[in-house]
Each structure stands twice: as C-alpha cells, then as structure tokens.
Amino acid sequence: MASICFVIPVYKSYYLLERCILSILEQKENYNLNIIIVDDTPVECRMDIKKYTDYSEISILYNTKNMGVTYSRNKGWFYSTSDYVVFLDSDDYLFKNAISNIFYEINNTKKINLYLFRTISLSSQLVGRPLPRKRFLGVQSIVDTYNSGERLLCLKRTKIKPFISYTRGHEFSGLLRYISNFNDFQSIDVGYPARVYCDDNTHSISSGKELYKRKNKLIIGHKITTVEFLKQRKIKDAVMWYLRYLKLFIR
C-alpha cells in the first residue's frame, strides 16, 4: 500500500493549526501516513508547538526566518520519504473521508503523478467551477483546474523540486516547470472534495496586506508562467498570463 505525507506550513496561525492536524489524525485509522509541519513563523513571534511531537506520525521543521509558504512546502517535500505528498494549509482542514478517498484513488489508478481533489467552503459549498472527472496528459490539468477554483494537491514524490521557492506563494509557475521535466506526466481531476477551504486566518497570504507585500513575487511568477507557456507553444495561455503580469506590473 502506498504511503502519504501531509506537508503543512504554518505562519503565525497556531490557533488554527490544531484543527488542521486533528482533521488528519481523526481519519488516520490504519493508513500509512505521516505529517510534516514546517514552521515559517519569525523566531520572535514563534510559539511552542512541540506538543505535536507526542504523536509518532508528526515531525516539525523550523525555518530560521520567514521564507514563505512555497519554500516551506519544498522543504517538507524533500524531508518526506513517503510515496505521495499532500500539500495542506494550516488554516484549512480535511473533509470527512478524505484520507480513505485519497488512498482509494492512489491504489486503484495507475501511472498517475498528480491527483487534484475538489475544495469546499465552510458553508459546505464547492469552491469554483465544477469539472468532470478526467485524466490529463502534461500541463493541461494545471491549466484547466487552476482556472476553475481551489484544489488539494496530492503529488507523487520525486527528487525534483515541485515549486520555485523565491516566488513565495506562486505555486502555479513552479508546477508548470516541474511537469515539463516529464515526458509522460499524467494527472487526474478527481471530481469530489477532500479539503475544506477556510477564510478565517488573519495572516493568510490572500489577505490585502499580505497580498500587497508579495506583489513583486507574484509578478515574477506571472513572468515565469508566461515563458513556460511560450516554450510549450500554448500561445493563448501565454497571452493571458502576460496580461496578468502587465496588470500587476503597472498597478
């Protein structure tokens, strides 16, 4: 049976972290899984979370300074020894039966590198535009799903870095570059939810102040995305991302 590692970066949102952790532990049953918490909180603001090491399934990594969620996800990725890595935000939590559904998909489909699970809101509404369950080759899954709403990513672990650390939150550009390393990359948009997306984190990078602080990183990410699409001769997508780049650049 496959093994899964949940990589969870945390930045100040300690008051929400326990909800996230418990949503995994309550579903673990006899599954082969573990959890890596990457604490990205600046040392002067850091709280003690060593209590989580009481659980044999949990490891805690610390950044020496605030490096961003993308760097933290990469750090957990390379520390993990599991077959698959699930990237979960500390302010979100797993939907009921999510773990059994994730393992079911992994154990009953073949040659799949990336599983994309739907997300629901705190009010139990599906987030984004629905897509039918479908297999994809190459980057097309990322293009389609990224434009249709939030997803939970379950990625087959390799020795290649999945995200570009210095973009600090622009995972899309990193995934495009990551997928381009494979000739036969396959993914599947599963079609049902596994993650509850929450908006109750005051330190979220999606909030106004934090979003403004990472504007320059987003600009870099948009530029990288445009170039990657040009390399793959996806002109329409390249133009769309270049327009997004210009919009941020002149704002």
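Below are the figures for this structure:
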quantity	calculated
Neighbour cut-off at most 10 other Cβ (10 Å), DSSP loop, trypsin sites (Lys or Arg not before Pro), segment 16-101	Lys65
Calculated SAXS-style log₁₀ I(q)/I(0) at q = 0.11, 0.19 Å⁻¹ - segment 27-113, Debye, Cα scatterers	-0.37, -1.01
[x] 13.2; [y] 18.3; [z] 15.0, with the label sought being that of the calculated mean projected area of the Cα convex hull in nm²	[x]
GNM flexibility winner over the chain from Tyr79, Tyr55, Tyr31 (Cα, springs under 10 Å)	Tyr55
Fully extended contour minus Cα-Cα distance, from Val127 to Lys65, at 0.36 nm per residue	19.1 nm
Positive-pole candidate from Ile24, Ile106, Asn147, dipole of the chain, charges at beta carbon	Asn147
Surface per residue (accessible, 1.4 Å probe) for the chain, Å²	50
Cβ-derived FRET efficiency at R0 25 Å, Arg251 paired with Gln140, nearest 0.05	0.25
For the chain, built as a Gaussian network whose Cα springs stay under 10 Å, the top-fluctuating residue of Gln232, Gln27, Gln186	Gln232
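The values are calculated or read from the model by the stated rules, or taken from the named source; none is laboratory data. For clarity, every value in this text was computed on a predicted model and none was experimentally measured. Methodologically, a virtual Cβ is constructed for each residue, glycine included, from the backbone with ideal geometry; neighbour enumeration extends over all protein chains shown. Note: areas computed on protein heavy atoms with side chains; ligands, DNA, RNA excluded. Shrake-Rupley method; radii C 1.70, N 1.55, O 1.52, S 1.80 Å.
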